[in-house]
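Taking it in order: structure first as structure tokens, then the write-up.
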Amino acid sequence: MATEIKLPRLGQGMESGTIVKWLKSEGDQVEKGEPLYELDTDKVTQEVEADAAGVLLKIAVAEGEVEVGKTIAVIGEQGETVEVSDDTPEEGSPSRAREQDHKRGRQASTDGQERVAEVKAPASGNGRIKASPLARRIARERGIDLSAVAGTGPEGRVVAEDVERATATAAPTPTLSAPTPSPADVEVEPLSSMRKTIARRLTEAWEAPVFQLGITVDMARALDVRRRLVDLHGDGAKPTVSDLLTKVCAAALMRHRAVNALYKGDAIELHPTANIGIAVAIPNGLVVPVIRDCERKTVAEIAADRATVVERARSGKLRQADLEGGTFTISNLGMFGVERFIAVLNPPQAAILAVGSTEEKPVAVDGEVVVRPRMELTLTCDHRAIDGATGARFLGDVKAFLEEPGLAL
């Protein structure tokens, strides 16, 4: 019997996704658990595995934005006749009537181009306008009022195409007959889904009232411990300074749970485990995969987990679960020679640590000038969840643990 493949809900709050490409063609044999297509969500582009084994009889949606739960393909036995279920509301139903109203709202403009009459988008029971996440994001970025956009999706739902059409109506783009003058050497790159998500997330972060705390750490003992760990674990992933720092931060977070927190508007969540996100640069943006339960793991185990998620991130194989559940983030630009910087908060997390490079610098020790390896750390805190003294005590413990790692290990 044929199995309808529906778009899955891969994360909390996910209402739709964009099919990028199919990894199988109609008529191909598919095994259960085998990658079937690539799906782009707000957070990541990932391969989605097949729910069933058999022959890919039909691809119902080749590409583009699709709502969660919609049938996108059918898998069954070779030669089996299939019919994809129609998601269109039944004739006479309220949603069908609304759909017909919207169709009647379409009319030709005097220049022959189709336009949509200004029909208010329907609201849900709580007054919230029904719209897909992509439509909301585009509307927010372009300053479009969703309540004035005519929705053409199921039950009058506003989809991305509706917002694009409203944008064109509000501010017509230049035509080929009247191009906007621009230098010949200007290259325009449309924002990818990931860059749009980054822009939205950073804009949200910028609205938070934050403060920064900085401290300088003597890294002599930490570097010595790291060298010994590399010698001990030469066969697996080599522990890095970042791995040691992740372990040290986990130990400090367990002492200062107010920093291991999420700000949720009307509440602050204090988490019992240190799930630390590691900022990873990839060719088309930035992702923050999460290493879980860092306080319970050895540095070698953290190194192995870090190597796995970083490899998945750089090869485009991250799963939605790799990006969820973080309680604290570390961003390290030391490998680029950056001595200090301020990292932008990763909401709803209450804090993020920026790590600079380790540099040999002259310092006074017991009345004499000596050269020591020094590293600068900058902690950014959401002042709605963390007070200055709390952040300072946390950063002081991180410094103490790095200067004497035995305290944390």
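The values are calculated or read from the model by the stated rules, or taken from the named source; none is laboratory data. Note that the coordinates shown come from a computational prediction; the quantities given were computed from them, not determined experimentally. Neighbour counts run over all protein chains shown; Cβ positions are idealised from the backbone, glycine included. In case anyone asks, the SASA skips ligands and DNA or RNA and just uses the protein heavy atoms, side chains included. Shrake-Rupley method; radii C 1.70, N 1.55, O 1.52, S 1.80 Å.
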key: Pair list, Cβ under 8 Å, 6 or more apart: the stretch 383-404 residue open to solvent by 10 Å² or more (accessible area, probe 1.4 Å), other residue among the charged types (D, E, K, R)   = Asp397/Arg255; Glu403/Asp218; Glu403/Arg221; Glu404/Arg221
query = more than 14 Å from Ala408 (Cα to Cα) and in a loop (DSSP other than H, G, I, E, B), is that true of Asp224?
reply = no
task = Name the single residue, out of those in the stretch 159-191 being at pLDDT 65 or above and hydroxyl-bearing (Ser, Thr, Tyr), that is nearest to Asp145 (Cα to Cα).
result = Thr167
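Could you pull out the residue among Ala321, Ala343, Ala354, Ala307 that is under 20 Å from the mean Cα position of the chain (by Cα), in a loop (DSSP other than H, G, I, E, B) and small (Gly, Ala, Ser)? Before you say what the answer is, go through the steps one by one.
On the way: Ala321 fails: in a loop (DSSP other than H, G, I, E, B); Ala354 fails: in a loop (DSSP other than H, G, I, E, B); Ala307 fails: in a loop (DSSP other than H, G, I, E, B).
Of Ala321, Ala343, Ala354, Ala307, the one residue that is under 20 Å from the mean Cα position of the chain (by Cα), in a loop (DSSP other than H, G, I, E, B) and small (Gly, Ala, Ser) is Ala343.
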ask   = From the residues in the stretch 25-34 that are of a type outside the set (Asp, Glu) and open to solvent by 50 Å² or more (accessible area, probe 1.4 Å), which one is nearest to Gly285 (Cα to Cα)?
value = Ser25
Hey, Pro373 in contact with a strand residue (DSSP E or B) (Cβ under 9 Å, 6 or more places away or on another chain), of a type outside the set (D, E, K, R), surrounded by 15 or more Cβ atoms within 10 Å (Cβ to Cβ) and part of a loop (DSSP other than H, G, I, E, B) or not = no
remark   = Considering the stretch 230-246, residues that are touching a residue at least 60 places away in the same chain (Cβ under 8 Å) and open to solvent by 30 Å² or more (accessible area, probe 1.4 Å), and then whichever is nearest to Ala351 (Cα to Cα), we arrive at Ser242
Failed item, numbered, when Thr216 is tested on (1) open to solvent by 20 Å² or more (accessible area, probe 1.4 Å); (2) assigned to a helix (DSSP H, G or I); (3) among the polar types (S, T, N, Q) = (2)
remark   = Restricting the stretch 271-304 to residues that are in contact with a Cys (Cβ under 8 Å, 6 or more places away or on another chain) and in a helix (DSSP H, G or I), the one nearest to Met254 (Cα to Cα) turns out to be Cys294
key: the stretch 309-322, residues that are without any contact (Cβ under 8 Å) to a residue 40 or more places away in the chain and in contact with an Asp or Glu (Cβ under 9 Å, 6 or more places away or on another chain)   = Val309, Arg312, Ala313
query = Gly334 passes all but one of (1) under 13 Å from the mean Cα position of the chain (by Cα); (2) in contact (Cβ under 8 Å) with a residue 40 or more places away in the chain; which number fails?
reply = (1)
task = Could you figure out which of (1) in contact with a Leu (Cβ under 8 Å, 6 or more places away or on another chain); (2) under 30 Å from Leu191 (Cα atoms); (3) open to solvent by less than 40 Å² (accessible area, probe 1.4 Å) isn't true of Ala300?
result = (2)
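Report yes if Val309 is under 28 Å from Val230 (Cα atoms) and either out of contact with any Phe, Trp or Tyr (no Cβ under 9 Å at 6 or more places or on another chain) or of a type outside the set (Val, Ile, Thr) (or both), otherwise no.
Against the criterion (under 28 Å from Val230 (Cα atoms) and either out of contact with any Phe, Trp or Tyr (no Cβ under 9 Å at 6 or more places or on another chain) or of a type outside the set (Val, Ile, Thr) (or both)), Val309 qualifies.
In the stretch 376-393, how many are assigned to a helix (DSSP H, G or I) and within 23 Å of Trp206 (Cβ to Cβ)? Steps first, answer last, please.
Initially, the stretch 376-393 is screened for residues assigned to a helix (DSSP H, G or I), giving 388-393.
Retained after the next criterion (residues that are within 23 Å of Trp206 (Cβ to Cβ)): 388, 390-391.
Total meeting the criteria: 3.
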query = If you go through the stretch 11-22, how many residues are in contact with an Asp or Glu (Cβ under 7 Å, 6 or more places away or on another chain) and either open to solvent by 60 Å² or more (accessible area, probe 1.4 Å) or in a strand (DSSP E or B) (or both)?
reply = 7
query = With Gly277, Gly265 as the choices, which residue is among the small types (Gly, Ala, Ser) and free of Cβ contacts under 8 Å to residues at least 40 places away in the same chain?
reply = Gly265
ask   = Quick check: anything in the stretch 50-60 exposed (fewer than 14 other Cβ atoms within 10 Å of the Cβ), in contact (Cβ under 8 Å) with a residue 40 or more places away in the chain and not in a strand (DSSP E or B)?
value = no
message = If Val280 meets every condition in (1) surrounded by 14 or more Cβ atoms within 10 Å (Cβ to Cβ); (2) more than 30 Å from Arg136 (Cα to Cα); (3) of a type outside the set (S, T, N, Q) apart from one, which number is that one?
response = (2)
message = Would you confirm whether or not the stretch 248-268 contains a residue that is under 21 Å from Leu229 (Cα atoms) and within 23 Å of the chain's Cα centre (by Cα)?
response = yes
